Amino acid sequence: MGALRLVLADQLTLNVAALQGIDVSTDVVLLAEVHSEASYVKHHKKKIIFLFSAMRHFAHALRDKGYQVHYTQYTDDDNQGSLGGEVAKRLTQYDLSEVICTHPGEYRVLADMQTWTKQLDCPVTIRDDDRFIAQIEDFAKWADGKKQLRMEFFYREMRKKLSCLMQDGQPEGGKWNYDAQNRKSLPKHIDVPQHTQFAPDTITQAVIALVEKEFADHFGDSDNFHYATTRADALRVLDVFIEERLALFGDYQDAMAEGQPWMFHSHIGLYLNSGLLTPLEVTQKVEQVFYAQGAPLNAVEGFIRQVIGWREYVRGLYWYKMPGYEQENFLEAQLALPEFFWTGKTKMNCLSQCITETKENAYAHHIQRLMVLGNFALIAGLTPEEVNEWYLIVYADAYEWVELPNVSGMVLFADGGVLASKPYAASGAYINKMSNYCKSCHYSVKEKTGQTACPFNYLYWHFLHRNQALLRSNHRMGMIYNTMGKMAPDKLADMLADGDTFLLKLAGNEDV
Ligand SMILES: Cc1cc2nc3c(=O)[nH]c(=O)nc-3n(C[C@H](O)[C@H](O)[C@H](O)COP(=O)(O)OP(=O)(O)OC[C@H]3O[C@@H](n4cnc5c(N)ncnc54)[C@H](O)[C@@H]3O)c2cc1C
Ligand code: SF4
């Protein structure tokens, strides 16, 4: 008797662990569009379209290789609605004797899988996901006994492990990290290349119709779907990034501009996270361009750091800290997520731009997520639970393993400084420096207090003031608390009063 080989929606890689050593004459591969996964949060419509279409294309690719595939479509009469239900049903249907899976991306799914052996009364093997460069145990070994888990040191280990951008045991160019060169704002007259788009084929068109019908109440727009849904097209996105954007990726990594959601970023997060691309191949391709074509080191290193540094690090941290990480709320932030996070209807232009683009594209680049949306959530004191759920819903690349450490660790400082050495809090001046959002805003970024002052300005000080018992002792916050201490008392009092008024309005979902 053969094995049931389960492939999840984010495991669409031909040599994913569950498929290794497959016996095509006896084994059956199961892919299933199940209600429990599609709706445990109300994922952006474009995320569901992307994943269902990519799964359907992947099933074709497997059949072309001669694999037996059982594909359960969302509307099939005998769809069991959950992964466990589907596994049980297909085991019996095909008279199979064991289940082979790849380690899932989310703790929730792992906990479910771990109950299957007992429920199904057959062996269930969960294999390590070897698409990641660092295995869960590797991260734990690195992290154990350390007081601080800084990404930078983990990243250096990854560089050494892969011999990536290394010369005679030393980092290329003499430095590990060129981030200081990657903070330019976008000049007025620069052409940002068109992002790569694909017209939906018949498979994708059918999925769009399905999602519009079955997931009508989910967040986001379904029109203008243009993402790749096959490995070949995802590779095309990567190649075009390397040809057209990589050289300036570093320079403008932190820049934002009105009407420019794509900038010089790669737009491959959703492909990496679903398995259409793998981190190692992406890293090797980009490294090769550095040596073969002389792409700028600040761009190449900056990009590789995101993929083998941040991406691997947050995955390691997630599994190191789960379960429990999702409950953390170091700053005891309590405010509910304001309604405008779903509509984009706010007078704060930076937030309105980033939310509207998120709604349209299921995408925002890192600095929009971190320094506009996240910064606001932090300084306004929005509750981690609701902020995490929002981020998990709205982005096509969102899975808890990567979303949670970025939100609770990087953005909200909810883990008390495990990931970040200090909160990424900033006033409107940062947004004004890195974008042109402030030019057409209702509020004035230059004003610190008063009805038309930029809310980021007074909320920043309000945040520092109300959290000083928890943050003052942080050695990286000393200077800013000294500045606060030297501030004219009436100026500080005005900012705190404006902060109070604004937060009351926010709590009442008033127009802000
Ligand atoms: C609050 C917040 C939430 C985020 N949620 C997610 C998420 O749910 N899923 C997700 O993949 N990324 C998330 N990120 C990280 C990052 O913003 C996205 O990976 C990136 O914007 C995807 O766009 P891109 O492919 O154009 O990335 P690029 O800027 O071109 O970067 C290249 C790749 O590096 C990796 N990467 C970059 N930064 C990070 C990071 N901080 N953590 C992990 N990987 C990184 C991604 O795989 C990305 O595709 C989040 C960041 C923040 C601040
Ligand atoms: S003025 Fe303030 S609220 Fe308006 S866009 Fe600038 S930073 Fe955002």
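Every read-out reported here was derived from the displayed coordinates using simple, explicitly stated rules and does not represent laboratory data. These numbers were taken from a predicted model, which means no experiment stands behind them. Neighbour counts are summed over all protein chains in view; Cβ atoms, including those assigned to glycine, are modelled from backbone coordinates with ideal geometry.
Numbers for the structure displayed
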| item | result |
| --- | --- |
| Label-point separation, R476 to L110 (7 Å along Cα→Cβ), nm | 2.6 nm |
| Amide hydrogen neighbours beyond the local backbone of V69, cut-off 5 Å, H modeled | V29 |
| Using distinct alpha-carbon pairs, which all enter the 1/r mean, Kirkwood radius of region 3-127 in Å | 14.6 Å |
| Cross-link pairs beyond the 31 Å C-alpha cut-off, checked among K285/K439; K42/K285; K45/K448; K45/K347; K160/K359 | K285/K439; K42/K285; K45/K448; K160/K359 |
| Lys, Arg +1 and Asp, Glu -1 on Cβ, resulting dipole of the chain about Cα centre, debye, nearest 20 | 1760 debye |
| Beta bridge orientation in the chain: antiparallel %, DSSP, nearest 5 | 10 percent |
| Assigned charges on the beta-carbon of Lys, Arg, Asp, Glu; region 340-507 dipole about Cα centre (debye) | 720 debye |
| Where trypsin sites (Lys or Arg not before Pro) in DSSP loops with at most 10 other Cβ within 10 Å are excluded, longest remaining stretch of the chain | 189-512 |
| Residue (of G485, M151, N273) at the positive-pole extreme of the chain, dipole from beta-carbon charges | G485 |
| Two-site label geometry, D128 and Q148: point separation in nm, points 7 Å out along Cα→Cβ | 2.9 nm |
| Of the GluC sites (Glu not before Pro) in region 259-340, those whose Cβ has at most 16 other Cβ within 10 Å and which sit in DSSP loop | E332, E339 |
| Span from the region 450-467 Cα centroid across to the region 339-405 one, whole angstrom | 19 Å |
| Rounded to whole Å, sorted largest first: equivalent-ellipsoid semi-axes of the chain, Cα gyration tensor | 40, 26, 23 |
| Cβ-defined net charge surrounding G428, 14 Å radius [Lys, Arg +1; Asp, Glu -1] | +3 |
| Ascending count of other beta-carbon atoms within 10 Å, so fewest first, for H103, H267, H475, H366 | H475, H366, H103, H267 |
| Label point distance in nm, T92-Q170, each placed 7 Å from Cα along Cα→Cβ | 6.7 nm |
| Sorted by Cβ neighbour density within 10 Å, fewest at the top, the residues D78, D168 | D168, D78 |
| Over the chain: helical MRE at 222 nm, DSSP H runs n ≥ 4 each giving -39500 (n - 2.57), nearest 500 | -13000 deg cm²/dmol |
| Gained length - E243 relative to K446, 0.36 nm times residue gap less alpha-carbon distance | 69.2 nm |
